[in-house]
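A short write-up of the structure that comes next.
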Amino acid sequence: MKKTEARSLFKQQRSELAEQEMDKLNDLMLIQFQSCDLPFVDCLFSYWPIQENNEPATHLFTEFLRFRNPGMQVLYPKSDFEKNAMHAVVTDIDTPFEKHEYNIYEPASDQVVDPKTIDLVFVPLIICDHRGYRVGYGKGFYDRYLAQCRADCIKIGCSFFEPIPMLEDANEFDVPLDLCITPQNVYVF
């Protein structure tokens with residue numbers, strides 16, 4: 001399956017999920033995530049889920065990691081759509097978030113962090129394949145950013161759906177995930 005076909009198909013399927021069903025799937029994903037044997041995380045790069053897109057509730061995973069890793073620094077993306085670039089900025093419990101383009105909530109912080117300091121990234125996706133390649137929203141922000149991170153930075157995606165066999169048009173610029181959490185499984189790539 002090609003990325004454009006997968007993007008269209010799974011965006012549609014995700015849009016059809018009812019709120020109660022999503023709550024159940026998020027709870028099941030959290031249980032799967034809690035079973036992962038992750039190292040200590042000093043610096044996490046998360047993202048605010050886009051409610052209109054029925055994205056998984058990454059806040060659940062972020063809060064679980066915050067509990068397990070006291071003092072962990074939590075970063076969120078800040079995008080520059082003119083330059084097609086993204087930066088990770090420092091947040092804390094009091095950081096205000098503002099809704100910007102494409103219904104994306106971004107922190108009001110401007111304290112940019114070097115990508116090499118990040119231990120774990122929650123990567124948004126629509127679907128991934130059995131090799132860890134993912135379909136995002138098609139702008140390439142995360143692939144460009146992840147290419148700047150350390151080789152041992154853990155890249156985790158969360159999906160309501162099981163991976164598909166193969167994305168036929170994955171290429172050398174696509175950065176694969178290390179793990180994908182679904183309601184039924186944890187996939188390690």
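Tabulated data for the structure shown
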{"quantity": "Rounded to 5, percent antiparallel among DSSP beta bridges of the chain", "calculated": "55 percent"}
{"quantity": "Of Lys24/Lys116; Lys99/Lys139; Lys3/Lys24; Lys3/Lys116, those spanning more than 25 Å from alpha-carbon to alpha-carbon", "calculated": "Lys24/Lys116; Lys3/Lys24; Lys3/Lys116"}
{"quantity": "Computed helical MRE - 222 nm, the chain, DSSP H runs ≥ 4 contributing -39500 (n - 2.57), nearest 500", "calculated": "-7500 deg cm²/dmol"}
{"quantity": "Long-range HN-HN contacts of Ile118 with modeled amide H, under 5 Å", "calculated": "Arg150"}
{"quantity": "Isolated Cys in the chain, by beta carbon distance under 4.7 Å", "calculated": "Cys36, Cys43, Cys128, Cys158, Cys180"}
{"quantity": "Relative packing of peptides 143-151, 89-97 - highest average C-beta neighbours within 10 Å first", "calculated": "143-151, 89-97"}
{"quantity": "Difference of contour (0.36 nm per residue) and Cα-Cα distance, Asp42 to Asp169", "calculated": "42.3 nm"}
{"quantity": "Average projection area in nm² (convex hull over Cα atoms of the range 3-188, one quarter of hull surface)", "calculated": "10.1 nm²"}
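A short reminder: the numbers here are calculations on the coordinates, not readings from a lab. This one's a predicted model, so the numbers in the text were calculated from it and none came from an experiment. Using ideal geometry, Cβ is built from the backbone for each residue, glycine included, and neighbour counts are taken over all protein chains shown.
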